[in-house]
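Please read the structure below before turning to the comments.
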Amino acid sequence: MLVRAAVIAVLLLSASAHAGEVTVHTDDGHVIASTRVVAPMAAARALLSSPERIARVDGRGTQVSSRTEDGCVVSDVVARSGFKEIEYTSRSCPVAEGFRGTLVASEQLRELEARWTLAEADGQLVIEYDLYVVPRLRISPKIVATLSRGAVRRLVETIGEELEREAGTAP
């Protein structure tokens, strides 16, 4: 979701890969990761609609406080980094294909777009995450995307693993 992924992109965290189940690529400043899991759509929607739960599942110590506004979730986020804490407010709204998130306010980020896309295919749930971040520092979004590939991979893996664990379909 928007909350943790923004932090990931800005902090340029690295992550371990998981046996090829997640594909990741960059495209004009976007980092896009996808995976397939055996889990119900409703479970994915429930998980991805909760920034606090995503932060807990991800396990990197991000503090999230959310509230519902006009059918969307507005989250105040404080994330640790190697340099200093990053604080921002984001808005995530459900859309037909998943969730779409945007930046509301931040002193460290200039722009942030995040999209979770969910689809069912061949008895599996296809999960795709697309993140675009522009920090206020003079760093190209293409560089941020390239450096964020591993962390975004880790986030999508973690979400997929949690969904399969809940569904009882984890290997």
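What the table below lists for this structure:
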quantity	calculated
Karplus-derived HN-Hα couplings along the range 117-126 (A = 6.51, B = -1.76, C = 1.60, θ = phi - 60°), whole Hz, x at Gly and Pro	10, 10, 8, 9, 8, 6, x, 10, 9, 9
GNM result for the chain, Cα springs below 10 Å: residue of Pro141, Pro51, Pro40 fluctuating most strongly	Pro40
Karplus (6.51, -1.76, 1.60) ³J(HN,Hα), θ = phi - 60°, over the range 148-154, in Hz, Gly and Pro reported as x	8, 3, x, 5, 5, 4, 4
Local net charge near Leu137, Cβ-Cβ under 13 Å (Lys/Arg +1, Asp/Glu -1)	+2
Restricting the range 64-171 to trypsin sites (Lys or Arg not before Pro) in coil, as DSSP defines it, with at most 12 other Cβ within 10 Å	Lys84, Arg136, Arg138
Under Karplus coefficients 6.51, -1.76 and 1.60, residue-wise ³J(HN,Hα) of the range 36-52 in Hz, glycine/proline x	10, 9, 9, 7, x, 4, 4, 5, 5, 4, 5, 5, 6, 8, 10, x, 5
Cut-off under 5 Å, modelled amide H: who pairs with Tyr88 long-range	Val77
Sparsely packed GluC sites (Glu not before Pro) within the range 75-125, loop by DSSP, other Cβ within 10 Å at most 14	Glu85, Glu97, Glu107
Between helix 2-11 and the chain: long-axis angle, C-alpha atoms, 0 to 90°, nearest 10	50
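FYI, it's all coordinate maths here, none of it is from the lab. Values in this document were obtained by computation on a predicted structure and should not be read as measured data. Don't worry about glycine lacking a Cβ; one is built from the backbone with ideal geometry, like all the others, and counts go over all protein chains shown.
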